[in-house]
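Since the structure comes first, as structure tokens, the remarks are kept for the end.
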Amino acid sequence: MFEIFLVALQILFIALKLTGKINWSWFLVLIPLIIYLVFYLFLFTLMGGFLIGLGISLSSIM
């Protein structure tokens with residue numbers, strides 16, 4: 001649901017920018033994409049750290 005909202009918002013912002021309805025910078029127009037990438041990079045880092053920690057703890061047992 002979160003992804004669908006951000007994609008729809010991104011498409012809306014790009015369409016409004018290209019039609020000239022908003023005069024924002026491209027950075028502001030691309031904020032939903034940046035939020036999406038930061039969210040998934042955070043999750044990827046969190047899961048990677050968990051799996052590495054799990055691997056270290058399992059290797060110390062054996």
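The values are calculated or read from the model by the stated rules, or taken from the named source; none is laboratory data. Keep in mind that what you see is a predicted model, and the values were worked out from it rather than measured. Positions of Cβ are generated from backbone atoms using ideal geometry, with glycine treated the same way; all protein chains shown enter the neighbour counts. Calculation scope for accessible area: heavy atoms of the full protein, side chains included, ligands and nucleic acids excluded. Shrake-Rupley method; radii C 1.70, N 1.55, O 1.52, S 1.80 Å.
Each peptide in 37-43, 12-18 receives the mean, over its residues, of other Cβ atoms within 10 Å, and ordering these scores from highest gives 12-18, 37-43. Each of (i) 4, 23, 37, 25, 10, 2; (ii) 4, 16, 17, 14, 11, 9, 8, 7, 6, 4, 3, 2, 1; (iii) 3, 14, 10, 10, 10, 9, 7, 8, 9, 7, 5, 4, 2, 1 is a candidate for P(r) over Cα pairs in 5 Å bins from 0, in percent; the one calculated from this structure is (ii).
Karplus-derived 3J(HN,Hα) values for the stretch 10-16, using 6.51 cos²θ - 1.76 cosθ + 1.60 with θ = phi - 60°, are 5, 4, 4, 4, 5, 4, 5 Hz; glycine and proline are entered as x.
Accessible surface calculations at 1.4 Å, restricted to protein heavy atoms, place the chain at 83 Å² per residue. Model label sites at Phe27 and Met1, defined 7 Å from Cα along the beta-carbon direction, differ in position by 3.3 nm. Over the chain, dividing the summed -39,500 (n - 2.57) contributions of all DSSP H runs of at least 4 residues by the number of residues returns a 222 nm mean residue ellipticity of -29000 deg cm²/dmol. Solvent-accessible area assigned to carbon and sulfur over the stretch 1-60 amounts to 84 percent, based on a 1.4 Å probe.
Extension gain, Leu46 to Thr19, is 5.8 nm, computed as 0.36 nm per intervening residue step minus the present C-alpha separation.
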